[in-house]
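Comments concern the structure below.
Here, each number is a calculation from the coordinates, and none is a lab measurement. Since the model is a prediction, treat every value here as computed from it, not as a measurement. Backbone-built Cβ (ideal geometry, glycine too); neighbour counts: all protein chains shown.
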Amino acid sequence: MITKAPPPLLVLCGLWAVTVAIALGARPLLPVDETRYLAVAWEMWQRGDFLVPYLNGETYSHKPPLLFWLMHAGWAVFGVNDWWPRLVAPLFGLAALLLTRRLGRLLWPELPAAGDVAALAALGALYWTLFTTMTMFDMLHGCFAVAGMIGLVMAARGRRVGGFVVFGLAVGFGVLGKGPAILVHLLPVALAAPLWLPCLDGGAASGPVRWGRWYAGLGAGVVLGAVIGLAWALPAAAAGGAAYRDAILWGQSAGRMVNSFAHGRPFWWFAAILPVMVLPWLVWPAAWRAAQRVGRDMTGDGGSRLALIWFAAAFLAFSAISGKQPHYLVPEFPALALLLARAVVGAAPVSGDRQAFWRPADRWIPAAVALILAGALAAAFHFDLKPSWATSVGDAQIWPLAVVAVATVVYWLWPGAGAVSRVWRITALSVVLIVSVHLALRPLMAESHDFRAFSEELKGFEDQGFDFVTFGKYHGQFQFFGRLTRPFGVVDGPMELEDWLKRHPKAMIVALHRVLPEGAAPWAVVRFRSRLIGAWPADRYPPRIKRLSGTD
């Protein structure tokens, strides 16, 4: 019988490591986002141009370069590989968790367990558990958002210069990480300091707050962040040309927000999906009971107010923008985790008897959620219930989902009655569920989302002197795995294709089809979701042959 609880920091890092290692081992780079970002990094590396990102021979203005630079740093040390780029964003996720732990301790020094609970709870939210394994930009913003909050709390506790320097660095590197949207996560809390700072324990210990100095320091921090961002943006704008200049100086901020209204989702969309994203904590009875017991105290608590403003301001801002994606809210997960931690850790002592706070449902409901989700997925695999884009999920392996049942038994038998112990065990269930899903879907993902072998075949054709052309839009999904050195041609129809082929007589057509066309077989083929991508020499591409022969 295990009697000594493991150190929370060791548990946190261990659960993160298990999640990332198994997920990255089981899942290929996912088209089109993950493959696109590695393609950008590869093209910058190949060109030797680390100032302006490029994709398929054209400037890439959609994202700033910090993630790509960090990929290059690893390649400079380890050589070009795919494992290091896939670790960069997850490492920022781990850093965000460690900073959340630190922020919790700064906000509530009288509740030392709050930081541990907050970090573990953030990792245990199912969407965070999944998303922390992805090569995306939002974990960078999550890390810098928490760092910026730490800077604000430092400034609130009297370390004005150091605090606003940390805040400014967070803003600047956040701009380099994903653009000016970092201000949506940080600026509302900074501007609303009169609502939380006077209520922060120790916030005004040295006397009344001089708000003029606060906002002057805040302005200096924003200027520092702007200087960091512009140190890249201005030279890049000059080097990338007029279109690129307009895109990064306008399209990264107001232009993108304005354009997003033309295509997007309704205002209430985030409210509809957030409950699923934060499972299992939404249905954990202890969280609701703790909020009921100490909620009134939390309304007057500066740390709780900070976390609430952090979450609510960003939630409303992103809800107001029509273009929405679930991962936009990733930087707000630490705020929700801090609120949960403050409530749960603060509630048990208030109840008098620490054990009297906990109920049997606090233990079995998270276990039931894990079993229900695993059972639903197993049933979907068994009966081949699938989304429209999938050919079949019947080939998925069901046995990894049985591990969830084993983990539930271990969870139930593991001793420990405190808040930290209970939260890390629930987080471990989330980790087991996510990694089990990865293992279950591994055969399906290898069949329908792995472009490595196909890309390597394209590299062989490129070495033979072939150029490539495709239709509609190309996201660079074959560039990195194939280590391709020439961009794809992109055409919209037969006439453009013929004009392009006149300039590139030795070419291969790479095309997406629901069913491969009758005629000559492609020289290389790969499945993508429910469709097939084939590569044909231009003079053997069946639709073109039929059109030119007049039999189409």
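Quick notes on this one:
- Exposed loop sites were defined as chymotrypsin sites (Phe, Trp or Tyr not before Pro) in DSSP loop states (anything but H, G, I, E or B) carrying at most 16 other C-beta atoms within 10 Å; in the chain the longest segment without such a site runs 51-260.
- Summary: within the chain, the longest segment free of GluC sites (Glu not before Pro) located in DSSP loops with at most 11 other C-beta atoms within 10 Å is 111-517.
- Relative contact order for segment 452-549: 25 percent, from Cα pairs under 8 Å spaced at least 6 residues apart, divided by residue count.
- Taking θ as phi - 60° and the Karplus parameters 6.51, -1.76 and 1.60, the scalar couplings of segment 317-326 work out to 5, 6, 5, 6, 8, 5, x, 10, 9, x Hz in sequence order, x denoting glycine and proline.
- For segment 23-137, size of Cβ-based charge dipole, Lys and Arg +1, Asp and Glu -1, in debye: 200
- Dipole of segment 126-236 [Lys/Arg +1, Asp/Glu -1 at C-beta], most positive-end residue of ALA236, THR133, PRO188: PRO188
- Note: relative contact order over the chain, using C-alpha pairs below 8 Å and six or more positions apart, is 18 percent.
- Here the calculated FRET efficiency for ALA356 and TRP412, from their Cβ-Cβ distance with R0 = 35 Å, stands at 0.95, rounded to the nearest 0.05.
- Length added when fully stretched, ARG265-ALA402, from 0.36 nm per residue minus Cα-Cα: 45.7 nm
- For the chain, the dipole from Cβ point charges (+1 on Lys and Arg, -1 on Asp and Glu) about the Cα centre works out to 1160 debye, to the nearest 20.
- For segment 69-214, averaging the sequence separation of C-alpha pairs within contact (under 8 Å, six or more residues apart) and dividing by the residue count gives a relative contact order of 20 percent.
- Taking the charge dipole of the chain about its Cα centre, with +1 at Lys and Arg Cβ atoms and -1 at Asp and Glu Cβ atoms, the residue from VAL153, PRO28, VAL171 reaching farthest to the positive side is VAL153.
- Under 5 Å between amide hydrogens, built in the peptide plane, is the criterion, and for TYR54 it picks out MET44, TYR60 among residues at least 5 positions away or on other chains.
- Extension gain, ARG213 back to ILE372 (0.36 nm per residue minus Cα-Cα distance, nm): 51.9 nm
- Cα→Cβ-extended label distance, 7 Å offset, between ARG529 and GLU447, nm: 1.7
- The slack in the chain from VAL32 to ALA238, taken as 0.36 nm per residue of separation less the alpha-carbon distance, amounts to 71.3 nm.
- For the chain, leaving out every one of the trypsin sites (Lys or Arg not before Pro) that falls in a DSSP loop and has at most 16 other Cβ atoms within 10 Å, the longest unbroken run is 211-472.
- Evaluated over the chain, the count of Lys pairs having alpha-carbon atoms less than 19 Å apart is 6 (only pairs 8 or more residues apart or interchain).
- Against the chain, whose longest principal axis comes from its Cα atoms, helix 452-463 is set at around 40 degrees.
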